[in-house]
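Structure first, then comments.
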Amino acid sequence: MYEIYLSVADKHIYEWAKTKTCDIAIAKAAFQELINYRFLSHQPYQVTLLCNGVLIAQHRFDSPVGSPFDWSVRALPINVECPKNG
């Protein structure tokens with residue numbers, strides 16, 4: 001199960017910006033939509049993509065362009081695999 005959400009520095013998760021799905025296409029679209037919230041640039045917000053509780057990607061709006069936590073300039077791989085639980 002993929003889980004995508006917007007949060008403030010690993011603390012508060014915004015329920016209105018949370019998606020749970022088994023479909024990778026929906027998960028990728030939800031992740032992409034949230035990281036395009038440009039009004040959050042330079043703020044302590046982040047978008048997290050998990051699968052079965054394992055971190056797949058995390059975009060931080062306060063990260064410099066090109067850093068490992070900046071997904072605004074790169075795409076998720078087409079074949080993002082969901083790690084098996086247990």
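The values are calculated or read from the model by the stated rules, or taken from the named source; none is laboratory data. Just so it is clear, the model here is predicted, and its values are computed rather than measured. Surface areas here come from the heavy atoms of the whole protein model, side chains and all, with no ligands, DNA or RNA. Shrake-Rupley method; radii C 1.70, N 1.55, O 1.52, S 1.80 Å.
Here Ile13 sits with roughly 50 square angstrom of accessible surface, probe radius 1.4 Å.
Per atom type, the stretch 2-59 shows carbon and sulfur on 55% of its accessible surface, probed at 1.4 Å.
Per residue, the solvent-accessible area of the stretch 19-78 (1.4 Å probe, heavy atoms of protein chains only, all protein chains present) comes to 55 Å².
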